[in-house]
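To keep things clear, I will list the structure first and then write my remarks on it.
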Amino acid sequence: MTTHDLEQHINELSVADKNNTMNKTEQIMPTSAKGTMKKLIPVLSKKEKQEILAYYTVYEKYEEEFFKKATEDLKDHPIFGKLIRDIPKEVSEASNKLSRELQKDAILNDNWQPYIDYQIEQGITYAKMGLDFKSWYEVVSLVRNYITPYLQKEYGSGAKLISSLKGMNCFLDIAMDLIGEAYLQEKEVLIKEDRERIKKLNEELEWNVVQLEASNKELEAFSYSISHDLRAPLRHIGGFVDLLIKNNSPQLDETGMRYLNIISESSNEMGNLIDAILSFSKLNRGELNKTTINSQNMVKKVLSTFSDELDGRDVEINISELPDMKGDEQLINQVWENLISNAIKYSRKKEKTVIDIGGKIENGEIIFHVNDNGAGFDMNYASKLFGVFQRLHKTKDFEGIGIGLANVNRIVVRHGGKCRAESEVDKGAAFFFSVPVI
Amino acid sequence: MNVEVKRILIVDDSPKDVELTIAALAEKNLANEVVVAEDGTEALDYLYKRGKFVNETGNPAVILLDIKMPKMDGIEVLRHIRSDPKFKFIPVIMLTSSNEEKDLVESYKLGANSYVVKPVDIVQFLDAIKVLGQYWVVINQPPPINNQ
């Protein structure tokens with residue numbers, strides 16, 4: 001046989017390798033995952049056993065050498081290089097020793113089971129590590145390439161060489177098929193487990209959504225009926241006190257009148273609180289009707305509604321660039337209304353009111369601000385700022401229920417944004433709200 | 001000109017609310033001819049002159065109709081009234097305890113003429129009547145000068 005023929009023969013064998021001809025191990029094809037993979041001993045003819053032996057004799061003789069060479073060449077391999085580096089030397093040496101012993105036991109003593117078990121473990125491990133099985137083919141090709149020259153050296157180029165090459169392929173195929181099949185089956189198991197996990201998570205999620213929807217519906221019905229049921233007695237208190245004041249004033253002294261007025265005011269206040277709660281809870285209802293909002297126009301319109309209140313005051317309002325934004329027009333209008341109303345209210349005790357309104361785009365968000373030079377608030381209580389019915393000022397200094405900022409926060413959060421505020425007592429306050437750009 | 005006052009039908013299940021409404025109407029001497037129905041069924045009884053109203057005559061000039069009532073609610077009463085040609089044109093003012101949009105839309109959809117939030121403030125009531133153009137149908141003759 002010429003060298004050329006030999007090379008061609010070797011090449012053909014390499015190609016067969018890549019196509020993973022399941023020749024020898026078709027008989028020992030396992031049928032299910034680890035633990036249930038049927039570990040059958042390969043059925044080998046006498047001739048095949050001799051061929052494998054011819055290969056193995058040479059392999060054993062030069063084992064150390066090509067193990068060193070293989071490690072050297074695989075150092076830079078994207079997957080196995082990393083493995084070689086990460087696994088401690090003692091571990092890889094021990095593992096290699098075991099592998100060689102099992103191989104020897106199988107080939108020389110016909111004790112295949114331990115070797116088979118070992119290869120199956122390899123396949124399962126590769127699957128669990130998420131390694132791509134294609135890479136393993138590359139390694140085996142490398143092995144063939146190392147061993148072949150040594151086989152040539154020992155057996156020359158005749159029939160003995162061919163025999164040993166056949167033996168090498170036969171043995172390596174057995175190993176490959178075992179590892180391959182174990183790998184595939186384990187992969188299937190892993191995928192199934194993942195699917196189950198995802199299914200469970202989805203079911204939990206769906207259940208939570210159903211519960212949440214039911215809870216929301218309950219809340220809606222509850223707040224609707226509260227509005228009517230609480231208002232009725234309140235209305236009667238207010239109505240009959242008014243009648244008392246109208247019809248019985250001759251019988252009432254100053255104190256009596258004062259008491260009646262306080263009762264009347266209180267029931268009005270309670271009515272306001274109920275209205276505030278209701279409109280606050282409404283903010284979570286319904287779909288957001290998102291359109292492009294011209295912030296400049298909206299702010300100007302909102303400001304114009306406060307013209308009466310600003311009448312007679314020394315006021316300077318600076319509106320810098322306001323980017324357009326995407327949002328629910330009605331709700332965002334409320335945000336501007338509340339923030340501007342606060343700025344105007346809390347700065348009214350200052351000789352000159354200065355209000356700055358602006359916005360800028362930053363990191364995919366539009367951050368708007370409304371700054372005033374008014375009474376400001378104590379930053380120590382900043383966490384209470386956006387709470388329902390929370391106030392940081394006395395009602396006798398500045399009237400209010402404490403629902404405005406809670407509304408602002410609810411609306412902004414629903415739009416996927418955040419609220420923030422900074423202040424120094426008596427030096428004014430800055431309120432920021434952000435919304436995502438799209 | 002002497003315009004005879006016509007009847008005002010109040011349909012409301014809350015006696016306290018009814019008392020407040022009548023007190024408000026009394027402020028302008030409109031309470032002389034007020035008929036009270038305590039729920040939807042009684043309201044229809046009055047219109048059809050049956051039940052406890054079997055001896056009554058004439059249609060009301062205006063109906064003040066509460067929305068939230070047990071059994072037949074105000075919206076249903078309105079539906080009945082508007083579907084009968086005899087009563088279709090009687091002005092109806094819905095009385096409600098809040099500005100809840102839902103109710104508002106419903107009442108206007110079925111042909112209510114106006115909407116007043118309780119307690120009925122006399123000014124509110126008169127405005128509603130004016131808007132309806134029924135002012136002169138309902139209003140009493142002006143009180144004699146020595147009663148002012």
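The values are calculated or read from the model by the stated rules, or taken from the named source; none is laboratory data. Keep in mind it's a predicted model, so treat the numbers as computed, not measured. Cβ sites come from the backbone with ideal geometry, for glycine too, and all protein chains shown count toward neighbours.
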Requested in this report: Output yes when any residue across the range A:156-176 is closer than 30 Å to A:K82 by Cα, at pLDDT 85 or above, in a helix (DSSP H, G or I) and under 39 Å from the mean Cα position of the chain (by Cα), and no when none is.
Outcome: yes
Report summary line: Residues of the range A:89-109 being touching a residue at least 12 places away in the same chain (Cβ under 8 Å) and over 47 Å from the mean Cα position of the chain (by Cα), in sequence order, are A:K104, A:I107, A:L108
Report task. Report yes if some residue within the range A:41-48 is modelled with pLDDT of 80 or more and among the small types (G, A, S); otherwise report no. Result -> yes
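Looking only at residues that are within 14 Å of chain A (Cβ to nearest Cβ) and over 15 Å from the mean Cα position of the chain (by Cα) in the range B:16-52, which one is farthest from A:H236 (Cα to Cα)?
Per the criteria, the residue is B:K28.
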Query raised in the report: Out of curiosity, is A:S307 of a type in the set (G, A, S) and surrounded by fewer than 13 Cβ atoms within 10 Å (Cβ to Cβ)?
Result: yes
**Report entry** Selected residue (criterion: farthest from the chain's Cα centre (by Cα)) from residues of the range A:335-364 that are loosely packed, with under 15 Cβ neighbours inside 10 Å and not in a loop (DSSP other than H, G, I, E, B)
**Finding:** A:K352
Report task. Quick one: A:L234 ticks every box in (1) at the interface with chain B (Cβ under 10 Å from one of its Cβ atoms); (2) farther than 30 Å from B:L25 by Cβ; (3) of a type outside the set (D, E) except a single one, so which number is it? Result -> (2)
Report summary line: The residue that is surrounded by the fewest Cβ atoms within 10 Å (Cβ to Cβ), considering only those in the range A:173-194 that are farther than 18 Å from A:M129 by Cα and among the charged types (D, E, K, R), is A:D173
Report task. Scan the range A:271-279 and give yes if some residue there is loosely packed, with under 13 Cβ neighbours inside 10 Å and either without any contact (Cβ under 8 Å) to a residue 40 or more places away in the chain or more than 14 Å from every other protein chain (Cβ to nearest Cβ) (or both), otherwise no. Result -> no
Query raised in the report: Somewhere in the range A:250-257, is a residue surrounded by fewer than 16 Cβ atoms within 10 Å (Cβ to Cβ), among the small types (G, A, S) and either more than 30 Å from A:K47 (Cβ to Cβ) or away from chain B (no Cβ under 14 Å) (or both)?
Result: yes
Query - Of all residues in the range B:21-30 being over 10 Å from B:I10 (Cβ atoms) and free of Cβ contacts under 8 Å to residues at least 40 places away in the same chain, the one that is surrounded by the fewest Cβ atoms within 10 Å (Cβ to Cβ) - result: B:A26
Query - Flag for A:N202 being within 14 Å of chain B (Cβ to nearest Cβ), in a helix (DSSP H, G or I), free of Cβ contacts under 8 Å to residues at least 12 places away in the same chain and farther than 27 Å from A:G404 by Cα - result: no
Requested in this report: Only residues in the range A:408-435 that are under 18 Å from A:N371 (Cα atoms) count as the first member; pair them with residues that are among the aromatic types (F, W, Y) and outside any strand (DSSP E or B), Cβ under 8 angstrom, at least 6 apart or cross-chain, and list the lot.
Outcome: A:V408/A:F386; A:N409/A:F386; A:C419/A:F386; A:A421/A:F377; A:S423/A:F377; A:V425/A:F377; A:A429/A:Y346; A:A429/A:F377
Requested in this report: For the range B:83-99, state whether one or more residues are aromatic (F, W, Y), over 21 Å from B:V18 (Cα atoms), modelled with pLDDT of 75 or more and loosely packed, with under 14 Cβ neighbours inside 10 Å.
Outcome: yes
Query raised in the report: All but one of (1) of a type in the set (V, I, T); (2) under 27 Å from A:K352 (Cβ atoms); (3) within 34 Å of the chain's Cα centre (by Cα) hold for A:V425; which doesn't?
Result: (3)
Report summary line: Taking the range A:387-429 and the residues there that are assigned to a loop (DSSP other than H, G, I, E, B) and touching a strand residue (DSSP E or B) at 6+ places or on another chain (Cβ under 6 Å), the one that is nearest to A:N289 (Cα to Cα) would be A:H415
Requested in this report: Scan the range A:231-282 for residues that are outside any helix (DSSP H, G or I) and touching a helix residue (DSSP H, G or I) at 6+ places or on another chain (Cβ under 9 Å) and report the count.
Outcome: 1
Report task. Considering (1) part of a helix (DSSP H, G or I); (2) away from chain B (no Cβ under 13 Å), say which one A:T292 fails and leave the rest. Result -> (1)
**Report entry** Residue that is closer than 19 Å to A:F66 by Cβ and out of contact with any helix residue (DSSP H, G or I) (no Cβ under 6 Å at 6 or more places or on another chain), where the choices are A:E121, A:E90, A:E138
**Finding:** A:E138
Query raised in the report: Assuming B:D13 fulfils every condition listed in (1) within 14 Å of chain A (Cβ to nearest Cβ); (2) closer than 29 Å to A:K282 by Cα; (3) out of contact with any Pro (no Cβ under 8 Å at 6 or more places or on another chain) apart from one, which condition is it?
Result: (3)
